[in-house]
Amino acid sequence: MSKNLLFIPGPVTVAPAVLAATAQQMVDHRGPRFKELLDGLVARLKPIFGTTIADVLILGASGTGGLEAAVGNMFGPGDTILACPVGVFGQRIIGIAQAFGCSVEVLATPWGSGVDPEALRARLAADTAKKITGVLLTHNETSTGVQNDMAPLAEITRAHGAYVVVDSVSGLAASEFRMDEWGFDVVVTASQKALAVPPGLAMVAVAPRAWKKIEANASPRFYFDLVKAREFATLGQTPWTPPVSIVYALDAALDLFTDEGPANVWRRHARYAQAIRAACTALGLELFSQEGSHSVTVVAAKVPAGVDGDAIRKTLREERGLTLGGGQKELKGKIIRIGTMGDLSQTDILGMLGALELGLLDAGHPVQIGTGAKAALEVFLKESAVPA
């Protein structure tokens, strides 16, 4: 059977060992075996979040479910939220906050750029009455290929004192994250991104300070009640029936993560992204994300004038088993997005880039065959020459 590869922002191509784990027989999700499994997952997830003090809660949900849990438990009517979107998914968090009755102010950032720390500093410094009770940040934005530098943003939000919820659905595990050091209150990720597990689990890390706000918040919630999730977590359970097969898969994926080593996982994602960016530039494709704000999990490149990017993506998918992402909302038809997450090798990257070259050539975009793949290969060779 030929291998179909996903170069999209998730779900991602899953390793055979992780897929095989989903074939295990079910266990009692209220029994000792599941407790042992869940406790072990939490212990291994904490270093990935960069925390020793936060509670890590595992929910049966997509990343959006995790974000709804985070925002809906933290905030409600009476809360004024400063949202800092850098793309489509940052806008989605705004919608969640508004659905829970929050007053939301938006700190606008041009798409393709990361949040300007000085703009955030100025807005929060102007809030002398401390009316802003919460800040919503996106670690990594797959719709624009942007990743925020979280350390300076964290310093600014700490100085103000507002509670901070971070969407790291597509960022966590692909690069180092320091939740405790940066002082974030709630951080959300999901299984189907850099951890390279099938969809079905959201992981929400809640810092000690955040629990006071959550417990005082009267906003209604039921399935996504984090207080209830914490109570059951002490028993090694989840409040509601979990997707047991995906829990097995996460366990197997964390084995692979540990075997490769966190630093090597971070380096791999950064290296793949750098190689793809180099290839795009060599092929005459302008990067959408700005220098200093490039994501390590998704590369976004502008579609050349006169080229139908969706037609190229269709050909690659149907004829070569390669799936690339397209633009969303106002970026639809204007960019292509190439993901680096999942069970992908350097050879897979080079093969995809060669196929992309052919697709561009067939579409009438002037391409010197081999230039993109060569540029990527040079990145890989340079990396392999660096002493460990």
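For region 16-258, the number of Lys pairs with C-alpha atoms closer than 19 Å, counting only pairs eight or more positions apart or on separate chains, is 9. Over the residues of the chain, the helix contribution to mean residue ellipticity at 222 nm works out to -13500 deg cm²/dmol, using -39500 (n - 2.57) for each DSSP H run of at least 4. Out of every Cα-Cα pair that the chain contains, those further apart than 29 angstrom amount to 43 percent. Here the chain carries DSSP beta bridges of which approximately 50% are antiparallel, counting only pairs with both residues inside. With Cβ to Cβ distances under 12 Å as the rule, what net charge do the other residues near Ile94 carry (K, R +1; D, E -1)? The answer is -1.
Using Cβ point charges alone (K and R +1, D and E -1), the dipole size of the chain about the Cα centre works out to roughly 300 debye. The residues neighbouring Asn264, those whose beta-carbon lies less than 14 Å from its own, together hold a net charge of -1 under the Lys/Arg +1, Asp/Glu -1 convention.
Using Cβ contacts closer than 10 Å as the measure, can you line up Thr234, Thr189 from fewest to most? Ordered by Cβ neighbours within 10 Å, fewest first: Thr234, Thr189. With a cut-off of at most 13 other beta carbons within 10 Å, and DSSP calling the residue loop, which chymotrypsin sites (Phe, Trp or Tyr not before Pro) in region 259-320 qualify? Please list them. Those that pass, being in a loop and sparsely packed, number zero. When the GluC sites (Glu not before Pro) in region 255-354 are filtered for DSSP coil states and for at most 16 other beta-carbon atoms within 10 Å of their beta-carbon, the remaining sites are Glu286, Glu291.
Count neighbours as other Cβ atoms within 10 Å of each site's Cβ, and list the GluC sites (Glu not before Pro) in region 97-178 that are DSSP loop with at most 14 such neighbours. Loop-located and lightly packed - Glu176.
Averaging the inverse of every distinct alpha carbon separation and then flipping it gives the Kirkwood radius. What is it for region 178-334, in angstrom units?
Hydrodynamic radius (Kirkwood, Cα only) of region 178-334 equals 19.4 Å.
Take each peptide in 356-364, 26-34, count the other Cβ atoms within 10 Å of every residue, and average; sorted highest first, the result is 356-364, 26-34. Each peptide among 372-379, 337-344 gets the average number of other Cβ atoms lying within 10 Å of its residues, and from highest to lowest they stand as 337-344, 372-379. Modelled spin labels at Ala122 and Glu318, positioned 7 Å past Cα toward Cβ, are 5.0 nm from each other.
Using the Cβ-Cβ distance between Glu378 and Glu176 with R0 set to 25 Å, the FRET efficiency from 1/(1 + (r/R0)^6) comes to roughly 0.45.
Beta bridges assigned by DSSP with both partners in region 148-274 are antiparallel in approximately 55 percent of cases. Which shape class, rounded, prolate or oblate, goes with region 206-258 when its Cα gyration tensor gives a ≥ b ≥ c as root eigenvalues, a/c under 1.5 marks rounded, and past that a/b bigger than b/c marks prolate? In terms of gyration-tensor shape, prolate. When Rg and the Kirkwood Rh are both derived from Cα coordinates, the Rg/Rh ratio for region 28-95 amounts to 1.07. Does region 261-384 classify as rounded, prolate or oblate by the C-alpha gyration tensor (a ≥ b ≥ c root eigenvalues; a/c under 1.5 gives rounded; else a/b over b/c gives prolate, otherwise oblate)? Judged from the Cα gyration tensor, region 261-384 comes out prolate (a/c at least 1.5, a/b above b/c).
Direction-averaged shadow area of the convex hull around the Cα atoms of region 126-209, nm²?
6.2 nm²
The length gained on full extension between Phe232 and Lys334, counted as 0.36 nm times the residue separation minus their Cα-Cα distance, comes to 32.1 nm.
Every read-out reported here was derived from the displayed coordinates using simple, explicitly stated rules and does not represent laboratory data. Only a predicted model underlies this, so the values are computations on that prediction, with no experimental measurement involved. With ideal geometry, Cβ positions are generated from the backbone for all residues, glycine too; neighbour counts draw on all protein chains shown.
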